[in-house]
Amino acid sequence: MTPRTRRAASLLVPVAFGLGACDGSDVRVEGPNVVLISIDTLRADHLGCYGYERDTSPIIDAIAAEGVLFEQHITSAPWTLPAHAALFTSVPDSVHGVVDPINTRLSEAYQTLPESFQDAGYRTAGFFAGPYLHPAFGLGQGFDRYVDCVQVVADEDLDGSNAWSMTKPVMRASHHGVTNDKVYGRWKEFFDEAAPGAADGAPFFAFVHLWDVHFDFTPPAPYDTMFDPDYEGRVTGRDFFYDASINAAMDERDKQHIVALYDGEIRWTDVVVGRIRDDLAAAGLLENTILVLTSDHGTELFDHGGKGHRSTLYEEQIHIPLIVHWPGRVVAGRHSGVTRMIDVGPTLLELADLPSRTTSMGRSLAGITRGEAAAGDAPPAVSELISVGQNLRSVRTAQDKIVHDATSQIFRWFDLVGDPREDAPMRLGDDERSRGLLSLYGEVQAELRGGVEGRPGQVERPEIPAAVQRSLQANGYVGDGADEER
Ligand SMILES: [Zn+2]
């Protein structure tokens with residue numbers, strides 16, 4: 001008997017259950033299923049339900065219309081690894097500490113979101129395609145089954161340093177492929193096993209990480225030409241990040257095509273989201289399943305003169321979707337206030353009627369999903385970029401964003417209502433509004449310090465062998481991070 005089933009059995013009436021042979025679950029538990037879908041690199045503003053003019057997301061839009069859409073949902077970091085660590089721990093990046101890939105692994109001392117469901121007797125499964133979701137970074141905690149659906153990193157290449165994450169073959173392989181079908185296939189295997197039990201009181205928690213919206217932008221037909229059928233130029237979407245000739249200075253027509261290819265990836269991923277929704281519906285489980293659609297970060301498509309992500313804290317990199325769908329249990333609508341990556345975990349635990357975690361720094365949005373007025377003012381969203389030579393922190397309210405660069409000690413302030421594209425940073429002065437923002441920033445810093453002092457464990461730092469370190473440096477893989485996996 002695993003620790004999980006022991007704990008579960010002590011809490012719940014133990015009933016032998018048919019699916020036990022698969023995942024070790026041999027108890028019947030109460031509660032809804034949870035399907036948490038993270039669509040990597042999905043900007044909120046490129047979805048129809050967030051106001052985009054193109055029809056990129058008919059299925060996601062339909063799910064949103066039946067659920068609760070959070071209009072100003074903000075990630076903790078503009079790149080994959082720390083954002084998912086925040087999703088699972090519900091603490092900001094500078095608290096969980098998983099802010100750089102080398103020699104870094106999430107502390108086992110955290111009770112992660114999957115662990116909470118596992119401890120409650122849920123069957124838990126995760127399916128991922130991006131290399132930073134690899135269990136070597138500690139993100140597999142709490143999953144009975146955690147599947148690398150693409151396996152760009154061979155098991156024999158793993159070592160304690162996680163240095164493989166920075167090697168070019170891994171980067172290229174992870175970007176070139178069309179991976180949604182592989183992730184969906186592994187989900188479907190699990191679902192076909194789990195659905196009969198789930199219909200009879202043996203719920204599951206599934207995390208599905210879809211990677212194709214991340215560059216390269218090479219959607220399969222017909223999505224490759226769907227939004228720009230007449231283009232005859234040279235741009236293919238391949239090597240978007242590593243091809244220096246793809247940049248903000250290139251021909252406007254080519255830039256438009258890049259955006260069309262990105263949008264094609266979204267439409268292709270929308271189809272796969274539809275398959276998962278249809279699986280739930282066909283098994284009669286839609287009404288007993290909390291379906292959450294979100295992302296880990298956005299990406300820049302030349303908005304501020306750059307491309308990709310893990311480079312700034314502008315909206316195109318930190319504003320992500322959050323949609324919670326649970327027919328009959330959430331009140332369909334839209335919430336206009338600021339919400340945060342770290343709020344997702346507390347929300348799911350409350351909706352599933354499970355205990356909150358003492359280490360969480362997020363707040364539950366469950367009341368909002370039930371149509372209740374939000375209790376008190378929304379706390380500001382904190383986003384951080386503490387890697388690739390940067391040390392940036394933003395504090396964002398519905399009205400304002402201030403960004404502090406700890407290297408230069410410069411603050412930048414954006415009025416998001418008057419200047420939603422963040423074209424014109426303002427100077428913080430001696431006026432009341434400036435003083436209020438600086439005071440808010442100070443409060444956030446104090447809260448983060450408290451979080452660091454109260455965290456259950458420090459980030460683990462497996463030693464990197466000196467020979468590997470030298471080799472990485474000699475090959476340019478350790479340094480300013482310009483070439484790193486995003
Ligand atoms: Zn990502």
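The values are calculated or read from the model by the stated rules, or taken from the named source; none is laboratory data. It should be emphasised that the depicted structure is a prediction, and the values quoted were computed from it without experimental measurement. With ideal geometry, Cβ positions are generated from the backbone for all residues, glycine too; neighbour counts draw on all protein chains shown. Remember, those area values only see protein heavy atoms, side chains included, never the ligands or the DNA or RNA. Shrake-Rupley method; radii C 1.70, N 1.55, O 1.52, S 1.80 Å.
General observations
- For the stretch 29-56, the candidate set comprises residues that are within 16 Å of the ligand (Cβ to nearest atom) and aliphatic (A, V, I, L, M); within that set, the residue that is nearest to PRO203 (Cα to Cα) is LEU36.
- Of all the residues in the stretch 301-318, those that are within 14 Å of the ligand (Cβ to nearest atom), outside any loop (DSSP other than H, G, I, E, B) and crowded, with 21+ Cβ neighbours inside 10 Å number 3.
- For the stretch 33-60, filtering for residues that are open to solvent by less than 10 Å² (accessible area, probe 1.4 Å) and more than 26 Å from ALA77 (Cβ to Cβ) leaves 1.
- Among the numbered conditions (1) in contact with a Lys or Arg (Cβ under 7 Å, 6 or more places away or on another chain); (2) open to solvent by less than 10 Å² (accessible area, probe 1.4 Å), the only one that ASP296 does not meet is (1).
Conditions (1) within 16 Å of the ligand (Cβ to nearest atom); (2) surrounded by fewer than 22 Cβ atoms within 10 Å (Cβ to Cβ), marked per residue:
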site: VAL208; (1), (2): yes, no
site: HIS214; (1), (2): yes, no
site: PHE217; (1), (2): yes, no
site: ASP224; (1), (2): no, yes
site: ASP228; (1), (2): no, yes
site: ALA249; (1), (2): no, yes
site: GLU252; (1), (2): no, yes
site: GLY264; (1), (2): no, no
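- Positions within the stretch 345-374 being among the small types (Gly, Ala, Ser) and without any contact (Cβ under 8 Å) to a residue 40 or more places away in the chain, in sequence order: SER356, SER364, ALA366, GLY367, ALA373, ALA374
- Taking the stretch 134-149 as the range and being open to solvent by less than 20 Å² (accessible area, probe 1.4 Å), farther than 22 Å from GLY97 by Cα and touching a His at 6+ places or on another chain (Cβ under 9 Å) as the test, only CYS149 passes.
- Test result for VAL272, away from the ligand (no atom under 16 Å from the Cβ) and part of a helix (DSSP H, G or I): yes
- So ASP243, is it under 26 Å from the mean Cα position of the chain (by Cα), over 24 Å from GLN72 (Cα atoms) and not in a helix (DSSP H, G or I): yes
- Some residue of the stretch 64-85 being closer than 24 Å to GLU460 by Cβ and touching a Pro at 6+ places or on another chain (Cβ under 8 Å): yes
- In the set (1) buried (at least 17 other Cβ atoms within 10 Å of the Cβ); (2) modelled with pLDDT of 95 or more, the condition left unmet by ARG275 is number (1).
- One residue stands out among those in the stretch 380-394 that are assigned to a loop (DSSP other than H, G, I, E, B) and open to solvent by 20 Å² or more (accessible area, probe 1.4 Å): the one that is modelled with the highest pLDDT, which is PRO380.
- Filter pass, ARG238 being open to solvent by 10 Å² or more (accessible area, probe 1.4 Å) and at pLDDT below 95: yes
- Residues (in contact with a Ser or Thr (Cβ under 9 Å, 6 or more places away or on another chain) and open to solvent by less than 10 Å² (accessible area, probe 1.4 Å)) located in the stretch 157-174: ASN162, ALA163, MET171
- Residue within the stretch 409-430 that is open to solvent by less than 40 Å² (accessible area, probe 1.4 Å) and within 22 Å of the chain's Cα centre (by Cα) present: no
- Evaluation of ALA260 against the conditions (1) closer than 21 Å to ILE74 by Cα; (2) open to solvent by less than 10 Å² (accessible area, probe 1.4 Å) shows that the sole unmet condition is (1).
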